[in-house]
1. Applying a 10 Å radius around every beta-carbon, put A:242-249, A:17-24, A:217-224 in order of their mean neighbour count, most first.
2. Could you state the orientation-averaged shadow area of the convex hull built on the Cα atoms of segment A:40-141, in nm² to one decimal?
3. Taking only the alpha-carbon positions of segment A:261-347 and ignoring solvent, what does the Debye formula give for the base-10 log of I(q)/I(0) at q = 0.11 Å⁻¹?
4. Quick one, could you list the DSSP H helices from chain A stretching 27 Å or more along their long axis (Cα atoms) with average Kyte-Doolittle hydropathy of 1.0 or above?
5. Using a 10 Å cut-off on Cβ to Cβ distances, tally the other chain neighbours for every residue of B:32-42 and report the average as a whole number.
6. Only bridges with both residues in the protein assembly as shown count here: give the DSSP antiparallel percent, nearest 5.
7. Can you list, bin by bin at 5 Å, the percent of alpha carbon pairs in segment A:142-281, starting at 0?
8. How are the C-alpha pair distances of chain A spread across 20 Å bins, as whole percents from the shortest bin up?
Amino acid sequence: MVEFAGWDMPVQYAGLIAEHKAVRESAGVFDVSHMGEIAISGTDAATYLNHVLTNDVARLRKGRSHYTLICNEAGGVLDDAMLYRLDETAYLLVVNAGNAEAGWDWLRAQTGEFSPTLANVSERYSLLAVQGPRAEELLDPATGLDLAKLRRTRIRPTTVFGHEVLIGRTGYTGEDGVEIFAAPEDTGSIWEGILALDIAPAGLGARNTLRLEAGMALHGHELGLDINPIEAGLTRVVAMEKGPFIGRDSLAKVLEAGPTRRLRGLTLTERAVPRDGHPVTTTHGPGVITSGTFSPTLEAGIAMSFVPPECEIGDAVTVNIRDRDRGATLVDTPFFSNVTRWRAKSK
Amino acid sequence: MYPDELSYTREHEWIRVDGEECTIGITAYAQDELGDVVYVELPAVGAAVTRNDPFGAVESVKAVSDLFAPLTGEVTALNDELDAAPELVNKDPYGAGWMVKIRLNDTDELAALMDAAAYEGLVNELRS
């Protein structure tokens with residue numbers, strides 16, 4: 001167990017690689033109750049959210065979710081989040097534990113001309129993520145709905161082992177799977193029930209290696225106040241066309257001038273493990289690793305890195321690891337993901 | 001957990017002393033703390049190592065840990081098996097997971113090592 005943002009967090013159960021492989025090959029369950037939840041409702045909830053978030057809330061249909069960012073005026077990223085539209089005018093924003101209080105304060109301070117009802121409901125929800133190619137099949141009998149019909153990004157109220165929950169077909173692993181929002185008092189019994197379905201408990205260590213293989217950003221590493229979404233490769237969730245929103249003017253300038261650095265994946269060509277902060281050398285100038293690990297799936301060192309924008313996929317670079325330059329290649333991300341495979345299957 | 005015939009360091013290495021040649025690895029506690037070992041970086045045969053200086057590193061998925069030379073001497077052998085099977089460090093830390101052999105310069109340095117009981121005391125302290 002480790003302490004993280006005031007929570008005691010399990011880093012690993014059976015061992016990181018075993019848990020990682022369980023999620024890639026079968027199914028695993030993560031207790032991510034540390035994530036913060038903010039409820040936003042009211043007739044102008046959508047217009048308010050379009051003011052404080054970068055993605056276009058008007059395009060989010062009822063019962064669906066999308067990935068979005070909270071930016072400041074300078075275009076820095078206060079937090080990244082999942083926004084679920086629960087009803088016509090009711091939304092649930094899931095934010096990172098480390099930023100939950102700051103995000104909550106920020107969102108309340110930005111209501112301005114809008115009058116949404118905001119509630120910090122983090123204490124009302126625990127969150128269990130069941131992820132992996134067999135998640136649907138193994139969990140389905142315990143749920144009050146036909147999981148096969150809950151398509152990617154959808155969220156529905158239902159039951160798990162008889163307890164009222166919200167189930168979203170979302171995740172942070174590059175796998176098919178669901179996330180279960182439950183009442184804290186029901187979570188122990190739901191957790192035990194899920195383990196009894198032959199779904200392996202997985203910890204924060206595996207969560208990090210899985211999200212990194214899937215090329216997903218982690219705030220504090222690939223995102224932060226000094227990082228804008230354009231250079232982080234997240235232009236797709238910055239809806240410039242939707243009209244004014246906090247950070248838009250700054251981001252318009254970045255888009256016009258082009259980013260001064262780009263987030264790129266890299267794979268080590270030697271046996272070594274890149275880590276956060278290791279310097280990168282490219283033919284176009286220096287870069288730096290933002291997150292790195294040993295990929296249990298690819299059995300190689302992988303990392304996300306900021307490099308000069310002139311660098312191209314396929315470029316040979318070096319990573320300085322403990323005073324030795326190690327060979328690496330810039331690659332497309334995700335490094336590995338089963339979600340595309342799952343999408344193809346569900347069509 | 002901590003075989004009596006071995007000597008230990010505060011840096012969680014074990015040493016099997018055989019005359020002037022010592023075999024070195026990391027303890028069951030160290031491999032457990034590191035988790036799945038994926039890469040062991042070792043010096044070359046013939047390299048000189050100095051007591052308390054880093055001479056290599058153990059990478060697990062989640063972290064990297066320096067290896068500190070428990071004794072001063074010259075590297076006489078490496079465990080080549082670890083290149084292809086670094087997980088031996090987890091599976092058999094005192095056997096197939098050994099790392100290097102060193103020929104000692106000065107056997108007097110052996111007196112600074114801990115015995116199994118002292119090392120176990122240290123681990124219990126760290127775990128409590």
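1. A:17-24, A:217-224, A:242-249
2. Numbers: hull surface 31.1 nm².
Mean orientational projected area (segment A:40-141, Cα hull): 7.8 nm².
3. -0.30
4. None pass (Cα extent of 27 Å or more, hydropathy at least 1.0).
5. 4
6. 95
7. Going out from 0 Å in 5 Å bins, segment A:142-281 shows 2, 7, 13, 15, 14, 13, 12, 11, 8, 4, 1, 0 percent.
8. All Cα pairs, binned at 20 Å, distribute as 30, 59, 11 percent.
We did not get these values from a lab; they are worked out from the coordinates using the rules stated. Everything numeric in this text was worked out from a predicted model, so none of it was measured. Positions of Cβ are generated from backbone atoms using ideal geometry, with glycine treated the same way; all protein chains shown enter the neighbour counts.
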